[in-house]
Amino acid sequence: MIKKTMTLNLTSAEMKVLEELARRKDLTKTALIRQALRLYQMIEVRMERGEKLYMEDGLEKKKSELVIL
Amino acid sequence: MAIQMNNDVVWLKQMAEDEDYGFISAGGLYARRLDEQQQEMKQSNKNSCVLGQLVELARRRKGMSPLDLSKAAQVGLSEVLEVLSGQATEPKPRVLFMLSQALDLPAEGLMELGGLMESRDKHLEEAVVRFAAQSKPTAKLSRSEKEALEEFVKVLARHSDRGRCSDK
Amino acid sequence: MNQRILILEQKTKKFTEATFHEEVSADQLSEAEAQWKPVRKAAVNRMLHSGKSPTEIHTLFQHAHWDWLKKAKALQDGLLAIKCFGIEKAGRWQGLMMLQLAGYCAKLEASRGKPLVYIEFLETAPWNLRDIVDEPMYGLVGTRLIEAAIRLSIIEGFHGRVGLLALPKAEQFYEKRCRMVRIEKAGHYGMAWYELTQEGAAAFLKGGKHGNTNE
């Protein structure tokens, strides 16, 4: 698998989130970005097929549609 | 980075010690398929019961014994009994067609109930549930059973007509 | 993307060369289904004639309803998160596995919420199973596919973590040979969740006597 390198410009707040998430998920920053890209694409493809994305409230079991993409 | 598989014979020999050529199937995809199959089975059982009740009530409306029905429809007695008892999960198209002719029931509706034709809308499904809830085969056709049968046959007939129109 | 690997030939008890495919196309999945279906069908017929009940046969063929053609849809979507590996020998598919790299996380307390390679499905050719044929042809097919899943997990930075739902008849394989930990409550549809920890993955790749790592 040939890989390409790019420079990613992030604000310090974004970098902080990236570092925190990478730490929590036990991933490198590159692995985290790649993981985010896979998830973003998966959601996009499914939504294009007409599926909806819901978030469920853990306590009240209420579902709300997530309209972010 | 490509995957580099290990071909070290010592390692492979260790792994081969436990090789028993048993099942190794795994995956959520299978679980979902299993769930779908159970749903399909439930649906097919529900429909075969309703098909049995419908044919049973229509037979009694005509005052026919199962043997009379078998002769009139030119269908083997064992096949008639299978349908009547709600056991016919995969009835033959010919059997359903001949029964519909002998009992004055809409053939297409019967085919849909028997799972031989794809149901076109939800109305038949709802009618199936209503009919199944109301009818209970007894020796004599009660008034409520007669009404339930007539109502269901009407839905079946309307349904078959609508199907024909939409095919044009 | 193909490489030569060794699998076990049952008849000679010797290792034999096969090809490991790191990419399997939708067409190749269809090809596998065309190769496997008649063998399964013949086995079902043979069992029916020998007086086995349909329920017994269903238990034996828990996986017989797998339809690779439907699964090909996910590959056609070009999803980055989906990968399909296969092992081929003598022009025939000996085993296939579809993996998902995003959307599933570890359920074991020590690594809860951390990403893992999820095995969406894994299957070996029917002629490699002793319950289907009297003389299975090749062994180690499942082992080599699991090895590939672990190696991918390491490459992706998931430290070898792998998760899957196992069919009841396959549990022995995942628990004993693959050193995976069973988590009953995390299963679905009567299938238990099995997870390979970072340590379990390292032990699998290292080899040696199998010890089980429990939660």
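For this structure, a couple of remarks:
- One residue alone among C:E156, C:E120, C:E109 is surrounded by fewer than 21 Cβ atoms within 10 Å (Cβ to Cβ) and not basic (K, R), and that residue is C:E109.
- Between A:M6, A:M15, the distinction of being under 25 Å from C:E22 (Cβ atoms), more than 14 Å from chain C (Cβ to nearest Cβ) and either touching a strand residue (DSSP E or B) at 6+ places or on another chain (Cβ under 9 Å) or at pLDDT 90 or above (or both) belongs to A:M6 only.
- Residues in the stretch B:8-19 that are more than 12 Å from C:L140 (Cα to Cα) and at the interface with chain C (Cβ under 7 Å from one of its Cβ atoms): B:V9 alone.
- Filtered by the rule that a residue be assigned to a strand (DSSP E or B) and either β-branched (V, I, T) or closer than 30 Å to A:K3 by Cα (or both), the stretch C:150-175 gives C:V162, C:G163, C:L164.
- If you filter the stretch C:2-55 down to residues that are in a helix (DSSP H, G or I) and hydroxyl-bearing (S, T, Y), you find that the one that is modelled with the highest pLDDT is C:S30.
- A residue that is out of contact with any Lys or Arg (no Cβ under 7 Å at 6 or more places or on another chain), part of a loop (DSSP other than H, G, I, E, B), among the aromatic types (F, W, Y) and within 22 Å of A:R24 (Cα to Cα) occurs somewhere in the stretch C:102-113.
- Only a single criterion out of (1) crowded, with 18+ Cβ neighbours inside 10 Å; (2) without any contact (Cβ under 8 Å) to a residue 24 or more places away in the chain is not satisfied by C:A90, namely (1).
- Annotation note: Cβ proximity below 6 Å between a residue of the stretch C:169-192 that is under 22 Å from C:A203 (Cβ atoms) and facing chain B (nearest Cβ under 8 Å) and a residue that is part of a strand (DSSP E or B) and hydrophobic (A, V, I, L, M, F, W, C) (sequence gap 6+ or interchain) occurs for C:A170/B:A26; C:Y174/C:A166.
- Residue within the stretch A:46-66 that is surrounded by 12 or more Cβ atoms within 10 Å (Cβ to Cβ) and within 11 Å of chain C (Cβ to nearest Cβ) present: yes
- Members of the stretch C:111-131 found to be out of contact with any strand residue (DSSP E or B) (no Cβ under 8 Å at 6 or more places or on another chain) and at the interface with chain B (Cβ under 9 Å from one of its Cβ atoms), listed by number: C:L129, C:R130, C:D131
- Odd one out for C:L140, checked against (1) over 19 Å from C:Y174 (Cβ atoms); (2) facing another protein chain (nearest Cβ under 8 Å): (1)
- Identity of the residue in the stretch B:49-69, among the charged types (D, E, K, R) and assigned to a helix (DSSP H, G or I), that ends up farthest from B:A148 (Cα to Cα): B:D68
- Residue within the stretch C:68-81 that is within 12 Å of another protein chain (Cβ to nearest Cβ) and modelled with pLDDT of 95 or more present: no
- Looking across the stretch C:176-197, just one residue is surrounded by fewer than 18 Cβ atoms within 10 Å (Cβ to Cβ) and part of a helix (DSSP H, G or I), and that is C:K176.
- Looking only at residues of the stretch C:1-16 that are more than 8 Å from chain B (Cβ to nearest Cβ) and touching a residue at least 24 places away in the same chain (Cβ under 8 Å), we find that the one that is nearest to C:E135 (Cα to Cα) is C:K11.
The values are calculated or read from the model by the stated rules, or taken from the named source; none is laboratory data. Predicted model only: the values in this text are computed from it and were never measured. Every residue, glycine among them, receives a Cβ derived from its backbone with ideal geometry; neighbour counts consider all protein chains shown.
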